[in-house]
Amino acid sequence: MRGLLKSLFSLVITLLCVGSLLTTFIWYTFDHNNVEPRKPHPQKKSTPQSSEICKGCREVIDKVMERYSQSWERQEDNYQKFRAQLNNKCHGFDKAIITQANTPVGSKLAYDGEKKRILQVTPEIFSTFAKERPFPNKTWDTCAVVGNGGILTNSGCGKVIDSAQFVIRCNLPPLENGYEKHVGIKTDLVTANPSIFLEKYGGLMGRRRPFVESLHSYGNSLLLIPAFSYGHNTPVSLRVAYSLEDFKSSTRPIFFNPEYLHSLALFWRSQGLRAVRLSTGIIMASLALELCANVDLYGFWPFSNHPHGFQTLTNHYYDDRQTKVKFHAMPAEFELLLRLHSQGVLRLHLGDCQPSEK
């Protein structure tokens with residue numbers, strides 16, 4: 001009995017000690033948090049400041065602008081020579097777009113992104129092809145190819161772009177809600193990467209009206225799609241064609257000819273370009289050089305700083321989403337376009353547009 005009482009007494013003493021320690025700990029924690037909150041470790045800034053320039057970019061941009069700042073003059077001989085080279089190797093005027101004339105039922109299409117994949121043209125697929133070549137039997141005098149670079153932000157280039165006879169845009173860019181002043185609204189041809197249909201419109205497996213209505217800002221334009229570059233692009237591209245037909249849209253879908261894209265890649269490789277895939281921008285600039293006498297490029301600038309003032313630029317004029325930098329050789333492409341600019345073959349526009357600029 002005495003032993004039992006002794007054990008109970010020891011237990012009570014132990015509980016009192018533990019309770020005292022807990023009370024002290026709770027009081028210390030509460031008091032400490034109210035008197036002097038713990039300061040978090042300072043975070044590194046993730047957003048670059050307007051004066052921040054990527055390492056080595058200033059020197060590169062200075063060299064680019066030194067070449068660009070020389071007065072530009074169209075060189076007819078250089079233009080005709082380069083255009084003839086393109087036409088001889090790629091035949092863009094006749095072969096850039098798949099038509100029912102150049103790709104009959106039973107033809108075999110070799111995907112330019114998957115060399116071993118072959119598609120035999122069925123009557124159903126054939127029905128989605130343009131009946132004839134979508135370009136007239138003439139050369140447009142002025143063409144504007146509009147990239148989506150952040151350099152177009154607050155550029156005021158909209159009226160100049162819209163003054164061109166034929167305007168080409170890339171990857172369904174936004175044109176309204178204030179962008180018109182800087183990028184224009186006129187559209188004769190707009191490209192679309194099939195990934196856009198998958199990411200924004202669920203591959204058109206559900207409601208299709210929102211997609212069709214989103215094309216209204218491009219008016220009565222051609223919608224150019226690389227439907228036969230990769231196998232997974234084909235079904236959704238055909239659904240686009242069916243949707244535009246079903247909703248009686250004024251937008252006309254046309255498909256890149258993979259043979260043309262393959263030939264164009266070989267052509268630029270012969271010019272020194274090493275890239276896994278050509279960007280949409282250089283593809284459309286190349287096509288424009290076969291279709292147009294005077295080609296002006298806007299929104300083509302591969303650097304994250306503006307050439308005038310070095311302020312930080314977003315990747316696109318409408319967002320800062322990054323592209324697959326290992327997929328396209330952007331700076332190398334720009335170097336080739338700058339060379340053509342210096343030779344008077346085409347004209348790059350870097351910076352703001354003046355009201356009288358053409």
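No value in this document is a laboratory result; all are computed from the given coordinates. This is a predicted model, so every value here is computed, not measured. No Cβ is skipped: glycine too gets one built from the backbone with ideal geometry, and neighbour counts run over all protein chains shown.
Structure summary
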item: Segment 49-110 pair-distance distribution - Cα-Cα, 10 Å bins, rounded %; result: 15, 22, 20, 20, 18, 5
item: Cβ-based exposure ranking for 289, 152, in which fewest neighbours within 10 Å come first; result: 289, 152
item: For a label point 7 Å along the Cα-to-beta-carbon line of residue 193, residues of segment 79-123 with backbone N under 16 Å; result: 113
item: Space enclosed by the convex hull of the alpha-carbon atoms of segment 116-237, per residue, Å³; result: 146
item: Protection proxy ranking, peptides 278-287, 247-256, 186-195, average beta carbon neighbours within 10 Å, highest first; result: 278-287, 186-195, 247-256
item: Qualifying GluC sites (Glu not before Pro) in segment 75-165, DSSP loop, other Cβ atoms within 10 Å at most 12; result: 132
item: Straight-distance crosslink candidates among aspartates and glutamates, where the alpha carbon sits under 15 Å from residue 131 and sequence neighbours closer than 8 are dropped; result: 94, 245
item: Volume in Å³ per residue [convex hull over Cα atoms, computed for segment 246-358]; result: 179
item: Cut-off 15 Å between beta-carbons: net charge of the residues surrounding residue 283, Lys and Arg +1, Asp and Glu -1; result: +1
item: Pairs from 200/248; 116/200; 63/89 whose Cα-Cα separation, in the structure shown, is over 24 Å; result: 116/200; 63/89
item: Inter-site label distance for residue 220 and residue 269 at 7 Å from Cα along Cβ, in nm; result: 4.2
item: Near-label residues of segment 258-291 by backbone N, under 20 Å of a point 7 Å along Cα→Cβ of residue 108; result: 258-263
item: Compactness of segment 74-143 - radius of gyration and Dmax, Cα, Å; result: 15.7, 46
item: Where only C-alpha atoms are counted, convex hull volume of segment 64-186 per residue in Å³; result: 189
item: Cα pair distances in segment 165-255, grouped into 10 Å bins until the bin that holds the longest one, percent each; result: 17, 53, 27, 4
item: Trypsin sites (Lys or Arg not before Pro) within segment 129-172: DSSP coil, no more than 11 neighbouring Cβ in 10 Å; result: 131, 138
item: Residue exposure sequence - 167, 64 - by fewest surrounding Cβ within 10 Å; result: 64, 167
item: Label-point separation, residue 59 to residue 245 (7 Å along Cα→Cβ), nm; result: 5.7
item: Those trypsin sites (Lys or Arg not before Pro) in segment 58-125 that DSSP places in a loop and that have at most 16 other beta carbons within 10 Å; result: 74, 115, 116, 117
item: Cut-off 16 Å, label 7 Å out along Cα→Cβ of residue 87, residues of segment 274-304 by amide N; result: 286-295
item: Burial ordering of 98, 61, 118, 53, fewest other beta-carbon atoms within 10 Å first; result: 118, 53, 61, 98
item: Label point distance in nm, residue 252-residue 71, each placed 7 Å from Cα along Cα→Cβ; result: 4.2
